[in-house]
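Beneath this line is the structure, given in structure tokens, with notes to follow.
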Amino acid sequence: MLTSVQDQGLIKQQVFIDGQWCDSISGDKYDVTNPATLDAIASLPYCSASDCAAAVEAADKALASWRLWPAKKRAQVLRKWADLILAHQQDLAVILTVEQGKPLAEAQGEIAYGASYAEWFGEQAKRIDGDLIPAPDGNKRIMCIKQPVGVVACITPWNFPNAMLARKIAPALAAGCTVVCKPSEETPLSALAIAELAQRAGIPDGVINLVIGDVPAIGEVLTQHEKIAKLTFTGSTKVGKQLLAQCASTVKRTSMELGGNAPFVVFADADIDAAVQGLLVCKFRNAGQTCVCANRILVHSSIHDVFVEKLVAATQALRLGNGLDQGVDVGPLISQAAVAKVDGLVQEALAQGAELKCGGRRQGDSQFYQPTVLTQCHEQMRIFKQEIFGPVAAIYRFDDDEQALAMANNSEYGLASYFYTRDLSRTFKFSEALQYGIVGVNEGIISNEMAPFGGIKQSGSGKEGSKYGIEDYLSLKYICLGL
Ligand code: SIN
């Protein structure tokens, strides 16, 4: 419950524009609900295009001075922001669980994950180096400097309402950009709480602005306003394509973290217990609602039955429930529509010959979906082609490496992929042949602030985190020096 949050100043029911907490111009509001209890937990401003345009003006005004702050000073406030996020880890985790549903321990992990981006990019702010390059003509030099791209629009999803926003705001601010953020309407409280902490850390008015409300109207401003230089988006491929098209009219820079359809391949020589454990965290983290979740589990025929037996036992031991309750491993799905979609994929697979090993149903009318294992799945099923975004492990058989690779790469998506083997030669060859931006070898969790997160194909473009992540927020300028 939000009443258990110690620092009630973190619970904001207003949006944040130019350093001010405010209502929407129209006064319109909407309710945010807890996906575990379906209770309304907060009433938030429902912003329109005009509110968003005001946020863009504020970010543009703040840009003039923020971009000139010395890198070391920007680093210091980002570090302070990270420290404040960590100091309020428990409160932020409760807010996150209440609005999003994930188990409290996972929410605490997400808060630390979000803070790690503020810390990392604070450090990277001091490493935005240029180049001095010899020219073909000896009387010239080529100087390259990196500058902030300008005002950045950040659109973030409900599945990681803290970390996905921190992963965008931190590099933007480190680079000297200002931001207008639109977190998901389903989970705005986590975003508003970290904006409050950013203000307490000393980040100046207008550098971070945050609006929520009328999604198409706000989206139009963020993609078409001339004062916005770049859009960074995490969400579905379908919405990403629409946003890309809308950005074309003003030729904005874009970074897109879109959908995934991760293969998780278990070879005959794998450590089966390690593969089961890796799959459990990869598949059931956040109730299967991550874009790097294992979506298609390919198991070598020779170990299929023993792997399935162990996986089913481990899946049946998972506790489904309200994320605030102790010992819960899997929380609710975000909405009734999400439950209907997941159940539709499961029922259709069953009708096409899949075998149900456990789970396979929602609980009553709630948004809880039982952790599920399906075997005998095949490539013609919709569950093979689509991102499930729910706690459903769909298992496929393969007989050799060539078949495993063809099945793994048989997707329009290219975000994360995983495989388990003890063979060094296969480790290299299979990693190199996978058409994915991220490969986990004998690892089910691949995300951290020091690694480049991002996909290829229809999973998007750009990298978040790592030394590469800041480049998306910088423009390279070439200055020709005549000597
Ligand atoms: C996502 O699902 O969008 C991100 C997951 C992660 O950062 O691990």
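The values are calculated or read from the model by the stated rules, or taken from the named source; none is laboratory data. Note that the structure is predicted; figures quoted are calculated from it, not measured. Here Cβ is always computed from backbone atoms with ideal geometry, including for glycine, and neighbour counts include all displayed protein chains. The area values use the complete protein model at the heavy-atom level, side chains included, leaving out ligands, DNA and RNA. Shrake-Rupley method; radii C 1.70, N 1.55, O 1.52, S 1.80 Å.
Structural remarks
- Computed with a 1.4 Å probe over protein heavy atoms only, the accessible area of ASP18 comes to about 50 Å².
- Accessible surface, 1.4 Å probe, highest first, among residues PHE428, PHE398: PHE428, PHE398
- For the chain, convex hull volume per residue from C-alpha positions, Å³: 150 Å³
- Rounded to 0.05, the FRET efficiency of the ALA105 and GLU355 pair, given R0 = 35 Å and the Cβ-Cβ distance, is 0.60.
- Exposure of SER65 as accessible area (Å², to 10), given a probe of 1.4 Å and all protein chains: 70 Å²
- Percent carbon-and-sulfur accessible area, segment 129-231, ignoring ligands, DNA and RNA, probe 1.4 Å: 51 percent
- Ratio Rg/Rh [Cα only; Rh per Kirkwood] for segment 238-328: 1.16
- Calculated [222 nm] ellipticity per residue, helices only, for the chain: -12000 deg cm²/dmol; basis is -39500 (n - 2.57) per DSSP H run with n ≥ 4, divided by all residues, nearest 500.
- Cα pair distances of segment 145-268 binned at 10 Å [whole percent]: 13, 44, 31, 9, 3, 1
- The amide H of LEU298, built 1.01 Å from its N in the peptide plane, has PHE264, VAL265, VAL266, TYR396 as neighbours under 5 Å, considering only residues 5 or more places off or on other chains.
- When HIS300, HIS378 are compared by accessible area of protein heavy atoms, the largest-first order is HIS378, HIS300, using a 1.4 Å probe.
- With the whole protein complex present, SER466 retains an accessible surface near 0 Å², based on a 1.4 Å probe.
- The chain: DSSP helices with Cα axial extent of at least 27 Å and average Kyte-Doolittle hydropathy no lower than -0.5: 104-125
- Debye, to nearest 20: dipole size of the chain, +1 on Lys, Arg Cβ, -1 on Asp, Glu Cβ: 1300 debye
- Shape of segment 1-106, Cα gyration tensor, a/c cut at 1.5: oblate
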